[in-house]
Structures are given as structure tokens and as C-alpha cells.
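One structure is given below, encoded as C-alpha cells.
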Amino acid sequence: MRIQIQQKYYPLIILALGVVFFFPFLGSVHLFDWDEINFAESAREMVLTGNYSKVQIDYKPFWEKPPLFFWMQAGAMQLLGINEFAARFSNAFIGCITLWVLYLIGTRIRNANFGLIWALIYLGSFTPHLYFKSGIIDPTFNLFIFLGIYFSYRAQTKPKYIWLSGIFIGLSILTKGPVGGLIWGLTAISYWILYNKFTKLFTFKQIVFFSVACIAIASLWLANELINNGFWFFKEFIQYQVRLFTTPDAGHGQPFYYHFLVVLLGCFPMSIFGIPALASKQEGFGKWMKITFWVVMILFSIVTTKIVHYSSMAYFPLSFMAASFLYDWLSGKKTWNKWLTFGLIFIGTLFSLLLVAVPLAGMNTAKIIPYIKDAFAVKNLNAVVHWSGFEVLIGLTYFTILLVLILRKKDSTERKWVFISGITLSTAICLFVFGAIVVPKIERYTQGAAIDFYESKRGQDVYVGVIGFKSFAHLFYFQKQPNSAPASTSQMTQEEFGQWLLNGSVDKPVFFVTRIDRYKEYKNHPNLEFIEEKNGFVFLKRKN
């Protein structure tokens, strides 16, 4: 009876955990270049121009992403203002929904205890937790794909659910592009081959219904774009997607095993429980999850551009596998082995050392600088940041709690519950505290000086640009206004506009920011004069 009463409150507990962990301190640190500021800037420009059908950067067409996530951010900005909290609000909200969805689906697949474990393991793993406190697209994109795959699974026994599958895959396409449909398609085809042995998976009628629902949702933007702006924008969008898959982006050409390493380390502790479970036989929804994991990992290992969040869709199936193991261990169907203990202690120690090393490095920059060869990084470390010394306790405390939980783990159900809730919530608390106290200090080193400069020029009738490196920070933090440049520049590309600012006949003062390691390219430029250098950033002004 006691368990039934507790289970009644599981949904409220899960939603409360999401609210408590994801929303506080969202705006305590500036947005990070590139992706966070890139997306927030597109949303800001939607708000300022009132043009919600066309995605823009610097008030010029931006064909890399569809608009749904930017619509969500723009809506938050309309309510909460143009700031960091609003830019990250959508993902914090999606984080709460994700935990709730995992609980509900887990409850349907097995029972409330399984649903609770699934939500807890997702909440209490490193990168899945951190992504919900960011302003990047992937948490929203991944939830839509996951729901699309789940309702495809349900459609095997209740055909009507294929509509919902099509709707959610359509939403994923509207969020990040055709890769959402590609992941679903590869997963369905792989399931059809491996488990259905080429026999019918969906009826022809279901395939038609899925396609109609998917295309109808995606066309909310695609059809409108084709009608109003012609085929050129759509062509650029498709070409970008192809280029992303076939050509390594600058700085993102990584080895084939990159995403496997990212998931193993970044998804701690769920990876320790989930990865071994991938080798075991799965039933029902577990088959779909197992295939989804391998589709994502193999697909993005093949893709030449490798960025951390590309494999983040694998977090859903991996968390399912981890929850399955922990649930079976809780009920006595699975046994604990020494490799689990070793994995938890080994990777847990690595993370704890990292959490300790970051503040120690901040407190001892003078001792570290002689060993660093990168000129920009050396100057970054000259930033004045106050460290109290207590920051190292975050990593030390986390390691102590982790070790105690592992060593005092017992075979009783109550002690197993203590371990499961302890390891997940301690990880979530650790990330929460580290994010609130340490991350703002890290940000001061990496980009603080540049953002201070952009903000100092806000509201002035000037131009602010960057040269020698890629950034979106000057647009968002200077808060460039629409129609602030002559009409003759409206058809210029971003590169052409940058050259106009540097060498053209400008109509007002122009300020530039570059990096110390790129400054030599502009040091003797006849149109530029030096203002100052601060923490690795060099500030320049047009002479005329």
C-alpha cells in the first residue's frame, strides 16, 4: 500500500525535479559561441523584424536550420525579454517534458518503478542533463525523433498511432532538417530487416498516413518558403545538409570512434549500465531502442563533420538500456559484476578529477601559463577571476558520495533504491552546483572580455564586427538593429559585408574584434587602428 501511495506522486516528483534542476541560473552565464548564440540571434532577429517565416543571421538568409526551435526561442523572448534565460528557456521546458515522457512511456512498457528509474537516469547523467540547460537545438530535436520511433512501435499493434509517428518525425524535420526523417527511416528499415526478416512491418495504408502527416507538418515551413522565396533557398538548405555529411567542417574532423568515446564518457553514469545491456537480447520496445542506438552511432561516425551533440539522439536508447538493467537488478533478474564497479569508479574518478582540476587551474594560472603554447589561451588565462578555493569541494564531494554509494551497495531492495536515487541525484546536484558557481568563471576566461566590449557599444550608432575568426556574439550582445546599414549592402553576403566594413565607404564609426593569434594579419592594415588588447581579444577601430 505504501508503494502505491508513493507511485501516485511519481509524476509530480519528476516534474518538480525538472523544474528545480533545469530552470534556476539559466541566465547566470552568457551564451556560448557558436551554436547557442547563433540560434538565439536568429530568434532575436525574428522578434525584431516580425519575419517568422525566414530564418536569418545578421538579417541575411540563414539556410542551415528550419525555424521551429527559433520559433520557440522567439516566443520565450517575447514573454521574458531578449536575454540568456529566454534563449535557454525552451530546452529547460523540453527537459521537464522529456522526463515526464520517459516516465509515462516507461510506466506503459513495464511499470511506474521502471518509468521512475528511466527518468532519474536521464536526469542524473552528465551530457543529457547539461543539454537541457543550454540553448542548442538537439534536446528538442531528439525528443521529437524519439516520440516518432515510439509511436511507430505502438503502431505495430495499434495502426492508428502511425499518425502520431508521422507528426513527430515531421516536427523533427521542422526543427533540424531531413536528418530527423533519415534517422527514423534507417531505424525502421533496420528493424524490418533484422527483426521482421523482410516481412511486412507497416501496411501500405499506414505508410501513406505516416507520409501525409510528416509532409504536412514539415510543409508548414518548406511549402511556404518555396512559394514565397522560390527554390534557391531550398536548394541552399539541401546543399548545406549534403555538405555537412560529406565534408568535414573546420575543426570538426574527428576519428571514426569519436562518438563512441563521447557517449561512453559524456553519458556517465548511464553509459556504465546501458552499454553492456546493448549486447543482451531485447524484446518489444527494446528492439527499437537497440537499433536506434546503433543507427545513430554508425551514421554519425560515418558523417565527416563530427560534433559532440550529433550523437545525442543515442542518449534515449542508451538511457532505456541503463534503466532496463537497473530495474532488472532491482528485481533480482540481473546481477552486479565487478566491471560495473570498475567502470563507475574509473570514469567517476576521471570526472571528479576534472571537476577539481578546473578551479585549481583557475587559482594557479601563473604556474600553468609557461606550459601552454597557444598564444590565445595564454592571454585568456590573464582574465581576472575570483576563486574562493571552495570550488574544489564540488568534485571532491561528488567523488566521496560516489565511492560511498558503490562500496555500501547491498542486495536489499531498499539499499538498491538508495544506490539508484543516490547516484543519479548526486550527479544532478553536482552539475547544478558546478554550473551555478564554476561555469560563469570559466566563461570569463573564454569570451568575457569580448562580450563586455560588444555590450559597451550597445545602443551606439556604430558598426561592430569580427575579423579573423568566426563568431555570432557581436550580433547578439551588441544587439544589432535591422536596417542599420545602407540599403546598398542589403544584398551582400556576410563575407562581403565584412569586407565593406573593413574597406568600403562606411557611413559611421566601425569597431572590430579579433584574436591575439590572428592580429598579425591586421596589425599593419591601413584602415585599422589599435584600441586595446584584453584577455586574448584585440579591439580595433576604422581610421576613416
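The values are calculated or read from the model by the stated rules, or taken from the named source; none is laboratory data. No experiment lies behind these values; they were computed from the predicted model shown. Glycine also receives a Cβ, built like all others from the backbone with ideal geometry; neighbour counts cover every protein chain displayed. Side chains are part of the model used for accessible areas, which takes the heavy atoms of the whole protein and leaves out ligands, DNA and RNA. Shrake-Rupley method; radii C 1.70, N 1.55, O 1.52, S 1.80 Å.
Computed values, structure above
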read-out	value
For the chain, size of Cβ-based charge dipole, Lys and Arg +1, Asp and Glu -1, in debye	1800
Per residue accessible area of the chain, 1.4 Å probe, in Å²	44
Pairwise FRET efficiency - residue 495 versus residue 130, Cβ, R0 = 30 Å, nearest 0.05	0.35
Mean Kyte hydropathy of 1.0 or more with a Cα span along the axis of at least 20 Å, helices from DSSP in the chain	84-109, 162-176, 179-194, 204-229, 285-302, 338-363, 392-407, 413-437
Percent of beta bridges antiparallel (DSSP, the chain, rounded to nearest 5)	75
The stretch 390-448 - percent of accessible surface contributed by carbon and sulfur, probe 1.4 Å	71
Assigned charges on the beta-carbon of Lys, Arg, Asp, Glu; the stretch 1-157 dipole about Cα centre (debye)	840
Length added when fully stretched, residue 481-residue 544, from 0.36 nm per residue minus Cα-Cα	20.4 nm
For residue 254, distant residues with modelled amide H under 5 Å away	306
Given charges at Cβ of Lys, Arg, Asp, Glu: the stretch 1-133 dipole, positive-most of 18, 46, 86	18
Qualifying trypsin sites (Lys or Arg not before Pro) in the stretch 295-398, DSSP loop, other Cβ atoms within 10 Å at most 11	333, 373
Estimated inter-spin distance, residue 531 and residue 505, nm [label 7 Å along Cα→Cβ]	2.6
Virtual spin-label span in nm between residue 523 and residue 415, 7 Å along Cα→Cβ	6.6
Cβ charges +1 (Lys, Arg) and -1 (Asp, Glu), total dipole of the stretch 339-413, debye	80
Set of lysines near residue 160 by C-alpha distance (under 25 Å), chain-local residues within fewer than 8 positions excluded	197, 200, 205, 287, 290
Theoretical ellipticity at 222 nm over the chain - DSSP helices of four or more residues, -39500 (n - 2.57) apiece, nearest 500	-20000 deg cm²/dmol
Across 54/133; 133/480; 60/441, pairs whose alpha-carbon gap is larger than 31 Å	60/441
